[in-house]
Amino acid sequence: MTEEVLVLDFGGQYSQLIARRIRECGVFAELLPHDTELTRIRERHPAALVLSGGPASVYSEGAPELRPELLELGIPVLGICYGMQAMVRVLGGRVEGADAGEFGRTPLSLADGGGRLLSGLPDEQQCWMSHRDAVFEPPPGFAALASSPGSPVAACESPDRDLYGIQFHPEVVHTPYGTQILDRFLRDLAGLEQRWSPASVIAEQVEGIRAEVGDGGVVCGLSGGVDSATAAALVHRAVGDQLTCVLVDHGLLRKNEAEQVVETFRDRGIRLIDVAAQDRFLERLAGVVEPERKRKIIGEEFIRVFEEEAEKLPDVRFLVQGTLYSDVIESGGDGRTAAATIKSHHNVGGLPEDLGLALVEPLRMLFKDEVRAVATELGLPERIVWRQPFPGPGLGIRVVGGEVTAERLEILREADAVLQEEIRAAGLYRELWQSFCVLPVVRSVGVQGDGRSYAYPVVVRAVTSADAMTADWARLPYELLERVSNRIINEVPGVNRVVLDISSKPPATIEWE
Ligand code: XMP
């Protein structure tokens, strides 16, 4: 294992971003809860620690505590925002509530040339702040390196003890010298080399998968998305024909999606079973209107089909899952099973543990953008690498307020294909978190040609988002909307209106259901 930096999470909204930025500097970083046991931290032999920001005041009751032992591990420590305040307080400096907090872009002035951490940077610069308390005096033996209007000590250090602190956030793009500061800490102060990259993950994972799997059979369910495709491609690189992929085509995928996946995998010589199960799903969905029941039925049927196929394979002992690092973190750190539960809860591609198969999760240390980099490195096509997220129950939950029928799916799939095509042609596909069509099961009157029509509306939903927790409706150009509307109404029989959803999340959600 290469050298790693541990980021201790004190609850800040940017903690994951710190880990990502450190990795972008070529050093592997992992996020752990701030109260992770000391023995566990020591066992990892981290090369450096970063203490994240957090929402609490160091004085408030129940504020996450910084254990002084963490500053005595003999490795460099960088405290950011709350992390710095906690460090200063533990070591005898003065942290107090200021008259006003600082939030957002803030001017920063260096003192004494910026010390080891900030030397060489402009004396006056911008940074991004988000704090109420401030450091008024650094701990004994520390030098103050910078100040801002609301932070008498906005950065400090004790090079002898290898301790550094900054009040502002180097991990956000609004701190122009942020990456340089992280880089300074990692390279010049902690002596770390640039060794980590998505490509290095591939080599490491391939070795790890071989050791884990031995000569056992491995099965992987493909959903059409980038996570399962990348996990499968990695496992295939490691164990070749020991892997069989299963694509359950439930008839609820987007247009041509199943074909694209099948083609990609067959071209690469990966064993793939393509199960045409559309009729089974439609039969079970007949008469069902309530969205939660649709989800449940699709999920259950998916598992049933998958199990039937997996049972036919000889000597299968392992199941590949495309669990990502964000799933692992959400589940509270290390728990393999907890992570798997989250994934299967929110994803029809998730499979129950009573299949009796051991999990192989080659992406469980990676953020989404890193998965895309690995996928590109593995040579997966652009269409799969950059595919927007898609719910496991697929188009099944986008036929809203009525039963899912073959005819409605056909209308929705065709309308959605037009939207996708136009959004790609406008160069907007990657900018949008998701863009899709919804089919409300209501019909209204229109005039088409000489006659009156009585047909469905199609809803266009396009959102920008960082993580799907919140989302804003995308301001698509009018010309694009006009083309989409004309084409859908002209090309898709059964549709006589196109409407645009202009709701943000919250209070709406991304999907309609
Ligand atoms: P909402 O609609 O809750 O969606 O704003 C948030 C994100 O989750 C996706 N989503 C799902 N993904 N299985 C999935 O794998 C599901 O049942 C499911 N429901 C919603 C949705 O597409 C969005 O990205």
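One table, with the values for the structure above:
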| quantity | calculated |
| --- | --- |
| Residues that are assigned to a strand (DSSP E or B) and of a type outside the set (D, E, K, R), drawn from the range 304-322 | 316, 318, 319, 320 |
| Residue among 511, 482 that is modelled with pLDDT of 95 or more, away from the ligand (no atom under 16 Å from the Cβ) and acidic (Asp, Glu) | 482 |
| Search result, residues across the range 455-479 that are assigned to a loop (DSSP other than H, G, I, E, B) and within 16 Å of the ligand (Cβ to nearest atom) | 465, 466, 467, 468, 469, 470, 474 |
| Among (1) modelled with pLDDT of 95 or more; (2) among the small types (Gly, Ala, Ser); (3) farther than 26 Å from residue 369 by Cα - the single one residue 462 does not satisfy | (3) |
| Whichever residue in the range 491-508 is surrounded by fewer than 16 Cβ atoms within 10 Å (Cβ to Cβ) and more than 16 Å from the ligand (Cβ to nearest atom) and, among such residues, is nearest to the chain's Cα centre (by Cα) | 500 |
| Meets criteria (of a type outside the set (A, V, I, L, M, F, W, C), away from the ligand (no atom under 15 Å from the Cβ) and not in a helix (DSSP H, G or I)) for residue 414 | no |
| Those helices (runs of 4 or more DSSP H) lying entirely in the range 1-119 with at least 1 residues touching a Pro at 6+ places or on another chain (Cβ under 7 Å) and buried (at least 23 other Cβ atoms within 10 Å of the Cβ) | 82-90 |
| Residues located in the range 129-173, provided they are assigned to a strand (DSSP E or B), surrounded by fewer than 19 Cβ atoms within 10 Å (Cβ to Cβ) and touching a residue at least 60 places away in the same chain (Cβ under 8 Å) | 132 |
| Test for residue 488: is it within 16 Å of the ligand (Cβ to nearest atom), out of contact with any Leu (no Cβ under 7 Å at 6 or more places or on another chain) and either charged (D, E, K, R) or touching a residue at least 24 places away in the same chain (Cβ under 8 Å) (or both) | no |
| Residue within the range 383-391 that is free of Cβ contacts under 8 Å to residues at least 60 places away in the same chain and either within 16 Å of the ligand (Cβ to nearest atom) or not assigned by TED's automatic domain parsing to the domain that holds residue 231 (or both) present | yes |
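The values are calculated or read from the model by the stated rules, or taken from the named source; none is laboratory data. Given the structure is predicted, the values throughout are model-derived calculations rather than measurements. Because the Cβ atoms are built from the backbone with ideal geometry, glycine has one as well, and the counts that use them run over all protein chains shown.
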